[in-house]
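Here is the structure we will look at, set down as structure tokens.
The values are calculated or read from the model by the stated rules, or taken from the named source; none is laboratory data. As the structure is a prediction and not an experimental result, all values here were calculated from the model. Note that each Cβ is placed from the backbone with ideal geometry, even for glycine, and that neighbours are counted across all protein chains shown. Heads up: the accessible areas ignore ligands, DNA and RNA and are worked out on the full protein's heavy atoms, side chains in. Shrake-Rupley method; radii C 1.70, N 1.55, O 1.52, S 1.80 Å.
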Amino acid sequence: MARRRAPRGTEDLLPDRIPCFEHIFRSCRLVLEGAGYGEIRTPMMEDTSLFVRSLGEVTDVVQKEMFNIQRGDTDLTFRPEGTAPVVRAYLERNLDKQRPFQKFYYMGPMFRFERPQAGRSRQFYQIGIEALGSASPLLDAEVIACAQRCFEAMGLKNFKLHLNSIGDDSDRDRYRVVLKEYMQGLLDERCEDCQGRFERNVFRMLDCKVRGCQPSNKAAPQFLDHLGEESLQRFDATLHALDAMGIPYERDPGIVRGFDYYTHTVFEVRCPDLGARDAICGGGRYDGLIADLDGPDLGAVGFAIGVTPSMLALETQGHPMASPQAPELPIFVAPVGNAQREAAFLLTDRLRQAGLATDTDFENKSLKALFKYGNKRGLKLMLMLGADEQSRGVVKVKDFTSGEEFELADDAELAGALQARLEQS
RNA sequence: GUGGCUAUAGCUCAGUUGGUUAGAGCACUAGAUUGUGGUUCUAGGGGUCGCCGGUUCAAUUCCGGUUAGCCACCCCA
């Protein structure tokens with residue numbers, strides 16, 4: 001039959017799923033605006049070179065996951081993540097010169113050409129924040145606390161913050177040498193993937209999940225032991241602040257992150273109720289990025305929350321917002337005979353103009369069918385308009401919650417009377 | 001990109017050891033209730049059994065391919 005389908009890895013969010021989606025957005029918006037973050041909306045696409053430059057040429061995202069559009073001289077890519085676009089906008093508008101320290105949040109779709117899987121699709125939604133223009137370790141703590149509070153606000157349970165520091169460039173260069181030296185001798189007993197990681201990115205060997213690789217990871221030299229004095233101090237300052245705020249975390253040397261721009265603090269929030277893909281938030285500090293994109297040498301921190309996996313997690317946890325639900329509709333006007341259809345339609349319009357969410361029938365359904373529908377839909381009031389009522393200038397009203405039935409004059413006072421009735425129930 | 005599993009009604013799924021009218025529950029429509037729901041009962045509509053090809057007298061069932069979904073790997077929100 002070859003029915004039309006949405007492109008692979010994309011999905012339609014129908015009205016009954018929107019409440020959950022919105023619930024997540026609203027919860028986060030409240031937390032973030034309360035912490036001084038302002039919303040920013042950047043284009044869904046950017047020059048391809050922006051992502052190549054910011055994420056790093058050899059990263060998986062750049063090498064094989066970019067949705068690319070080329071036409072004439074333009075080479076654009078649907079954004080695979082939100083940080084680089086925000087930094088680009090910050091620099092393009094010269095915000096760094098007006099007031100270098102700025103805090104942004106964004107929410108919207110991101111795109112990666114990946115093989116779809118549980119909690120992973122080719123178009124997915126992220127809520128992210130970027131605090132640009134400060135190297136303060138307290139800011140790292142604030143960003144992490146925001147992530148924590150976003151999840152608390154949306155009512156998620158059983159999530160865990162994993163935290164690590166990967167130092168600055170010189171720390172990493174030093175550690176890379178040490179780690180390579182250590183892994184060199186163990187290469188034979190590592191898995192096939194690790195063989196490749198050794199040259200490409202040794203650090204990734206540390207978060208390998210293959211069982212045979214675990215022992216040699218446990219015994220591996222720790223990054224924390226090779227951080228410079230300064231890096232160590234700033235990490236301690238961040239941890240101290242988190243402790244003081246009562247934000248729970250676990251130090252996890254396996255958190256390495258896939259983009260080149262990360263420095264110092266890196267973290268992930270995971271929810272074990274999900275499958276293998278259990279990360280619901282990832283973030284960290286990226287002190288080199290603003291300079292890399294031809295701006296001043298300023299520090300920055302941020303995170304991105306995955307809306308899709310968050311929704312999945314809320315669903316599996318049975319959160320009330322997560323179950324599909326129809327949009328709220330308190331009032332319905334039922335024409336009792338065909339002669340009353342237009343009158344019912346016009347009454348509906350009058351109530352809508354008075355600010356009452358109202359609907360009416362367009363399918364010539366029987367009164368009984370309309371009552372069934374109304375009951376299922378969770379209506380508060382059913383208005384009946386028949387020949388009798390119309391001739392007497394009234395409407396009959398049935399209150400679904402109490403079951404009682406009464407008449408109201410169909411005049412200028414009607415909307416107000418209905419409103420009062422809704423408020424008391 | 002790699003590997004495994006799956007594909008039957010709008011939804012969740014059963015089923016045919018290959019046999020000619022393919023089933024259930026939910027949902028939908030109508031009636032019991034001559035202008036009234038939430039519980040019942042009855043009836044009805046709805047499926048080229050993912051798509052293409054092969055084996056066979058016969059395929060929804062077996063085989064191959066393909067597409068899509070799911071799960072895992074890589075990587076990541």
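Filtered by the rule that a residue be at positive phi and among the hydroxyl-bearing types (S, T, Y), segment A:27-78 gives no residues.
Applying the set (1) out of contact with any Asp or Glu (no Cβ under 8 Å at 6 or more places or on another chain); (2) under 19 Å from A:G306 (Cα atoms); (3) not aliphatic (A, V, I, L, M) to A:E65 leaves exactly one unmet item: (1).
Of all residues in segment A:315-335, those that are modelled with pLDDT under 90 and open to solvent by less than 10 Å² (accessible area, probe 1.4 Å) total 1.
Considering segment A:225-236, and only residues there that are within 33 Å of the chain's Cα centre (by Cα) and open to solvent by 40 Å² or more (accessible area, probe 1.4 Å), the residue that is farthest from A:D173 (Cα to Cα) turns out to be A:D236. Applying the criterion of being open to solvent by less than 90 Å² (accessible area, probe 1.4 Å) and among the acidic types (D, E) to the residues of segment A:1-46, the residue that is nearest to RNA strand B (Cβ to nearest atom) is A:D16.
Here's a check for you: in segment A:279-296, which residue that is touching a helix residue (DSSP H, G or I) at 6+ places or on another chain (Cβ under 8 Å) and open to solvent by 10 Å² or more (accessible area, probe 1.4 Å) is farthest from RNA strand B (Cβ to nearest atom)? Checked segment A:279-296; the qualifying residue farthest from RNA strand B (Cβ to nearest atom) is A:P296.
Here segment A:381-397 is the region considered, the condition is being under 15 Å from A:D361 (Cβ atoms) and near RNA strand B (Cβ under 7 Å from one of its atoms), and the residue that is surrounded by the most Cβ atoms within 10 Å (Cβ to Cβ) is A:L385. Listed by position, the strands (runs of 3 or more DSSP E) contained in segment A:324-425 that have at least 2 residues being under 42 Å from the mean Cα position of the chain (by Cα) and on the phi < 0 side of the Ramachandran plot are A:331-335, A:358-360, A:381-385, A:394-399. Scan segment A:134-173 for residues that are touching a strand residue (DSSP E or B) at 6+ places or on another chain (Cβ under 7 Å), assigned to a loop (DSSP other than H, G, I, E, B) and crowded, with 20+ Cβ neighbours inside 10 Å and the total you get is 3.
Across segment A:233-278, what is the total count of residues that are within 11 Å of RNA strand B (Cβ to nearest atom) and on the phi > 0 side of the Ramachandran plot? Residues flagged as within 11 Å of RNA strand B (Cβ to nearest atom) and on the phi > 0 side of the Ramachandran plot within segment A:233-278 amount to 1.
Pairs linking a residue in segment A:246-261 that is in the same structural domain as A:K160 (by TED's automatic domain parsing) to a residue that is among the basic types (K, R) and within 11 Å of RNA strand B (Cβ to nearest atom), with Cβ atoms under 9 Å and 6 or more positions apart or on different chains, are A:V256/A:R204; A:G258/A:R204. The residue that is nearest to RNA strand B (Cβ to nearest atom), among those in segment A:297-309 that are among the β-branched types (V, I, T) and within 16 Å of A:I24 (Cα to Cα), is A:T308. When segment A:117-133 is limited to residues that are modelled with pLDDT under 95, touching a helix residue (DSSP H, G or I) at 6+ places or on another chain (Cβ under 9 Å) and not in a strand (DSSP E or B), the one that is nearest to A:R149 (Cα to Cα) turns out to be A:G119. For segment A:78-116, a residue qualifies if it is over 26 Å from A:A147 (Cβ atoms), at pLDDT 95 or above and among the polar types (S, T, N, Q), and exactly one does: A:N94.
Note on segment A:84-123: residues that are within 14 Å of the chain's Cα centre (by Cα) and within 14 Å of RNA strand B (Cβ to nearest atom) total 10.
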